[in-house]
Amino acid sequence: MSEKTVYESEAKRSRRDIASYFRRLARALSRGEPVPADEEQTVTVDPPAESDLEIEVEREDDEVSLEIEMEWTEESGDIETDVTASKARFEVYEDSAQEWRWRLVHRNGNIIADSSEGYASKQKAKQGLESVVKNAPGAYVSDQSKEAEDEPETGGSNATFELFEDSAGKYRWRLVHDNGNIIGNGGQGYSSKQKAKQGLRSVKQNVRGAPVEQG
C-alpha cells in the first residue's frame, strides 16, 4: 500500500483561531460542500455522506495531542488541488484623487467589500487588503443596531465586524481592527439587518483565496 501526502501544515494558532478553522470545516460538511484543508482554500476534499471518524488523545512525556481523523475510500470522495474556492476577486486601483484603494468584487458583479479609506501607495492598499484577508474569516460579529438580538459570534482574529443602523435607517457593517482602524466596510447600506449579515458572511467566506488584480 502506497501513501502520499497531498497537503500538510503545522503552525502555532490561538484557541479562537483554531475554533474558527473548525467552524469553516463544519459549515462545509453540513452543507455537503467541498471542505477546504488550507487557509487559502486551494486544497479541498469532498467526503462522502458517511466516513470513519477517529479521535485520539495521546500523552507523551509533557506533550499532549488531540488527533481528529476522517477516513474514506478514494473512489467515494474527491481531492482537488490548485482550487479557486473563492467566488470573488480583489481589485486594487487608483481613484480620481490619486489615492489607492481596494474592493472585493463577487463573480456576480456586486462589490461586497471595499477599503474604508484611500492609501498613499499601492503597497499600503495591498497591506490593507491583506489585513482583511487575515482577520475577516474569524472576526466576531458585534450587532450594534438598536434592535440587537443576537449574541456576538465567536471568532479568531484581531478585528471585529460591527453591524449597525445608519442615520437613514439602512443597515451597514464595518470591519474594525483591535487598534481602532476601520480596515474594510460593505460599501453600501442594506434594507434589512439580515441582508447586511448575508453580505458580511459572503466576505468571510470569499476573502481567502480571492485573486488580486492590480490596476
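Read-outs throughout are calculated quantities, based only on the coordinates presented, and are distinct from any laboratory measurement. Treat the numbers as computed from the prediction; the structure is a model and nothing was measured. Because the Cβ atoms are built from the backbone with ideal geometry, glycine has one as well, and the counts that use them run over all protein chains shown.
Points to keep in mind about this one:
- Using the average count of surrounding beta-carbon atoms within 10 Å as a protection proxy, the listed peptides 12-20, 135-143, 110-118 rank, highest first, as 135-143, 110-118, 12-20.
- Charge dipole magnitude, Cβ of K and R +1, D and E -1 - region 88-214, Cα centre, debye nearest 20: 440 debye
- Restricting attention to the chain, the count of lysine pairs at 8 or more positions apart or across chains with alpha carbons under 22 Å apart stands at 24.
- When every Cα-Cα distance of the chain is counted in 5 angstrom steps from zero, the calculated P(r) takes the values 1, 6, 12, 16, 17, 15, 12, 8, 6, 3, 2, 0, 0, 0 percent.
- Farthest towards the positive end of the charge dipole of the chain, among the residues I55, N135, G109, is the Cα of G109, using unit charges on the Cβ of Lys, Arg, Asp and Glu.
- Diffusion coefficient of region 15-80 by Stokes-Einstein, Kirkwood radius over Cα pairs, 20 °C, 1.002 mPa s: 160 µm²/s.
- Spacing of the two label points (7 Å from each Cα toward its C-beta) at E33 and E58, in nm: 3.3 nm
- About the centre of its Cα atoms, the chain shows a dipole size close to 1800 debye [charges on the beta carbon of Lys, Arg (+1) and Asp, Glu (-1) only; nearest 20 debye].
- Farthest toward the positive end of the dipole of the chain, out of A88, A168, I18, is the Cα of A168, where the dipole comes from beta carbon charges about the Cα centre.
- Summing Cβ point charges (Lys, Arg +1; Asp, Glu -1) relative to the Cα centre of region 15-80 gives a dipole of roughly 720 debye.
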